[in-house]
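Nothing in this text is a laboratory measurement; each read-out follows from the coordinates by a stated rule. Being a predicted model, the structure only gives us computed values, none of them experimental. Virtual Cβ from ideal backbone geometry, glycine too; neighbours counted across all protein chains shown.
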Amino acid sequence: MTIIGMLHHRRDPTTVIKSYAYAAVAKAEGVDFFYFSPGTVNFVNRSIRGQVYENGSWKERIMPFPDVIYNAGSPEKLVKSKATINKLKKEIPFTTNSLGNKWNINERLKEAKEFSNYLIPTEVVKRMDIFYKFIISFQKVVLKPIDGRKGKGIYFISKIEERYEVRKNAESDFYSKQQLDEFLKDKLSKGTFIIQPYIQSVTKSGQVYDFRLHVQKNGEGKWVITTIYPRIAPIGSIIPNINNGGFTNYLDPFLEQEFKGEAFDIRRMLEHFSLSLADHLDKLQMTKYGEVIDEIGIDVGLDENSKIWVYEVNWRPGCPPAFYLELDVVIHSIQYAKYVAENQRKIKIEISTLKKKKIEEKGEIPIIAITGSAGKTTSKAFLASILSKKWNVFESKDYWNTTEHTKKHAAEINDAHEAVVLEYGMAYPGVITEHCSIIKPTISIVTNIGLAHVGNFDSDIKGVAHAKSELIHGMDQKGILILNKDDDNSKYLETQNFKGKIMTVGIKSPANYRAYGVRYVENGMSFKMKLQGQEITLFIPILGEHHVYNALNAIAVADYLGFTPMEIKAGLIFRKPPRRLTVYNCSDNITVIDDTVHSHPQGVKAALDVLSNIGKHRKIAIIGQMRELGDLREQEYRKVGEYVYEKGIDLLITYGFRTEEIGDQAKLKGFTATNIYHFTKKEALHELLKEIVKKDDTILVKGASKTNMFDTVQFLDQTFKE
């Protein structure tokens, strides 16, 4: 006779309501059943001091090790007995294993590729800036504890003009930015929270609802639906969870009332989805950990287009609160426990087969290489951020773009990676060809063709384009190539013999991926575009129209690889590369813009655009030397001087060899001579800044790393520290 042991963190079975139901059903099913906690296990004589239900009460009995363990305890409470449980797992099969907290489950769902499209983008809120980027992008967000249960501790936060509405259950408060800062600091100091865009399902009468999909394995080891039911929030509340006052309804009457002729199709969709998702999670658990699961509760909503969104997946969900289904839940659990005990060999063969199949199906992963005169690092960071929403991505470190770096990357990429995103830099002919010989890309992006390193190509832009074209020649000739339609110099790229697919990005010209309505907003840029048949508004947390092109590069690749607009939108909230138009807010409302990694004419003009757009009062530009311009240096310096005048900059300060030519040309155009300064020594430059910087100034510091212009950023930050 099969023996089932029910493992729970509580010692007393009378405190666990469902223990009696399990004992009763086990008896009816013809199996022996006992209840135990980890502290009662004796590995020496392979016995457990368990509790058996006899003659109307629980009796303590010394029991042999069971044939199977029904794992019913709280993972958080059982963690202190981890060593005992792991030892038991080596000797006795478990019917199920914890899937972890909300974040762990979210990460696992990403691995079920077709189901990741139903996931609401989720981030762990480690810093307050993550929260604010999310709310700028999505306007309405949900903040919830990572280990929360029963709908407790959930906040719905909306940005309404300059204030924030914070809702919990049916209660609402309005906070200023400062008050919200204090609220968030308090919450984050007490626990870990996750953030998601708020996607709401609403009945015709205006009440918020969701669906609970409760699925289990039966006595044949197959997934079956225990029940599907709607949960409806009380009027005024936005949490339908039963423990927060929500109520249930029968599925069919609810669907007929809300969806009329579509009711049958929606029911079938929910049924198919619940069984398919359970099967995928189960196979992931078997493939990854060699374990099985037996029961999950999936909370989903439907948006206005009847698209399913997964709110949460609950391992070991509670019994449905109505419909008299408690015994159905217990019967499935006991029958499956018996199946596990009697079919261990079959289950192990299934696990082994799944692992082998996963290895065979892995196939070729996308290898994306990015080159161009500007925008490589930011395009790479945008793309890696989006792809990481559901894939394990190998991303090269910022500015690691030499051939020596590529050799290191080749050694670090392994079977666990599902996509590779790299920068291919070059200063001379033949370099990108070497990159491609080390790692051959299947997808390539050429951001633009500019004057960076043009002095190494006889001051000829066509020479730069020829060297960048090495990426086109060296990649998979049937792969995907992304080009900038607005970049006039990209016409020199050698695409004539490329047999793959070329896709374009742009703002000013018609392109496959075109942004419009581009505008500066708080802490970044907003723009619109058509994506997968719908118009969407996107936000990037970095300033400058030129960075919209970088975002478009990433969007084009992600869309081609099957990522959803929601995943793309969330992925654009990325980790900005350091010293790329980083804004420092100093005392007396002084703003410092740090753009001190690279410097070439195109980048200087883009940075001046940012200064012109965000500077509300006096605008000061500090511009350092631009290297490797060759014979074009004087001509390009004059163009920058003219641009400084055109953008309405108030004070111009140049630093470095021959940069006074920028100021001379600005003066010729009409710039006030007394507002132009030139330095070759930083100490003198910094002394001037102490004298002239005043309240409300916005200061751009633009220069390449080799000129150490970041020293000036640090000086300003320390001198005018808040």
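Below are the figures for this structure:
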{"quantity": "The range 3-91: antiparallel DSSP beta bridges as a percent of all, rounded to 5", "calculated": "55"}
{"quantity": "Dipole magnitude of the range 123-197 about its Cα centre (Cβ charges: Lys, Arg +1; Asp, Glu -1), debye to nearest 20", "calculated": "340"}
{"quantity": "Hull shadow area, averaged, the range 627-712 [alpha-carbon convex hull, nm²]", "calculated": "5.8"}
{"quantity": "Cα-centre dipole for the range 54-99 with unit charges at Cβ (Lys and Arg positive, Asp and Glu negative), debye to 20", "calculated": "240"}
{"quantity": "Order by protection proxy (mean Cβ within 10 Å, highest first), peptides 135-144, 532-541", "calculated": "135-144, 532-541"}
{"quantity": "Radius 12 Å from Cβ of residue 485, net charge of other residues (Lys, Arg +1; Asp, Glu -1)", "calculated": "0"}
{"quantity": "Sorted peptide list for 478-488, 178-188, criterion being average Cβ within 10 angstrom, highest first", "calculated": "478-488, 178-188"}
{"quantity": "Subset of 144/389; 616/667; 185/619; 408/569; 348/390; 380/499 violating a 26 Å alpha-carbon distance limit", "calculated": "185/619; 408/569; 348/390"}
{"quantity": "Of all DSSP beta bridges in the range 367-571, antiparallel share, percent nearest 5", "calculated": "35"}
{"quantity": "Matching label, Rg and Dmax of the Cα atoms in Å computed from the structure shown, candidates [x] 26.2, 91; [y] 30.8, 104; [z] 33.0, 113", "calculated": "[y]"}
{"quantity": "Cross-link partners of residue 682 among lysines (Cα-Cα below 16 Å; sequence separation of 8 or more within a chain)", "calculated": "690, 702, 706"}
{"quantity": "Lysines with Cα under 16 Å of residue 376, excluding same-chain neighbours fewer than 8 positions away", "calculated": "397, 468, 576"}
{"quantity": "Net +/- balance of residues flanking residue 209 in space, Cβ distance below 12 Å, scoring K and R +1, D and E -1", "calculated": "0"}
{"quantity": "Inter-part distance where the range 685-722 and the range 396-414 are each reduced to a Cα centre, Å", "calculated": "34"}
{"quantity": "Rounded FRET efficiency, nearest 0.05, which uses the C-beta distance separating residue 521 from residue 486 and R0 of 35 Å", "calculated": "0.95"}
{"quantity": "Note, ³J(HN,Hα) from phi for the range 402-412, Karplus 6.51, -1.76, 1.60, rounded to Hz, x at Gly and Pro", "calculated": "8, 5, 5, 5, 5, 4, 5, 4, 4, 7, 8"}
{"quantity": "In the range 195-251, the chymotrypsin sites (Phe, Trp or Tyr not before Pro) that fall in loop regions by DSSP, at most 15 other Cβ within 10 Å", "calculated": "250"}
{"quantity": "Calculated from backbone phi, Karplus (6.51, -1.76, 1.60) coupling profile of the range 203-210 in Hz, x at Gly/Pro", "calculated": "6, 4, 8, x, 8, 6, 8, 8"}
{"quantity": "Theoretical FRET efficiency, 1/(1+(r/R0)^6), r = Cβ-Cβ of residue 220 and residue 364, R0 35 Å, to 0.05", "calculated": "0.40"}
{"quantity": "Cβ-placed point charges (K, R +1; D, E -1), dipole of the chain about Cα centre in debye, nearest 20", "calculated": "1340"}
{"quantity": "Segment residue 189-residue 82, length gained on full extension (0.36 nm per residue, minus Cα span)", "calculated": "35.8 nm"}
{"quantity": "Geometric extent, Cα atoms of the range 3-91 - Rg, Dmax (angstrom)", "calculated": "12.3, 35"}
{"quantity": "Net lengthening on full extension, residue 249/residue 264 (0.36 nm per residue, minus Cα-Cα)", "calculated": "3.8 nm"}
{"quantity": "Signed unit charges on C-beta, dipole axis of the chain, positive-most listed residue 386, 223, 502", "calculated": "223"}
{"quantity": "Antiparallel DSSP beta bridges within the chain, percent to nearest 5", "calculated": "60"}
{"quantity": "Prolate/oblate/rounded label for the range 499-635 (Cα gyration tensor, a/c 1.5)", "calculated": "oblate"}
{"quantity": "Between 0 and 90°, nearest 10: helix 102-111 axis offset from the chain longest Cα axis", "calculated": "80"}
{"quantity": "Within the range 324-424, GluC sites (Glu not before Pro) in DSSP loop having at most 16 other beta-carbon neighbours inside 10 Å", "calculated": "364"}
{"quantity": "Extension gain (nm, one decimal) between residue 528 and residue 348, 0.36 nm per residue minus Cα-Cα", "calculated": "59.7 nm"}
{"quantity": "Label-reachable residues, the range 458-473, where backbone N falls under 18 Å from a point 7 Å from residue 634's Cα toward its Cβ", "calculated": "458-460"}
{"quantity": "Percent RCO, i.e. relative contact order, over the chain, from Cα pairs under 8 Å lying at least 6 residues apart", "calculated": "9"}
{"quantity": "Cα-based shape type of the range 367-571, given that a ≥ b ≥ c are square roots of the gyration tensor eigenvalues and the cut on a/c is 1.5", "calculated": "oblate"}
{"quantity": "Prolate/oblate/rounded call for the range 160-304, Cα gyration tensor, a/c under 1.5 rounded", "calculated": "oblate"}
{"quantity": "Summed residue charge, Cβ within 11 Å of residue 654's Cβ, Lys/Arg positive, Asp/Glu negative", "calculated": "-1"}
{"quantity": "Proximal lysine pairs, the range 33-138, alpha carbons under 22 Å, eight or more residues apart or interchain", "calculated": "14"}
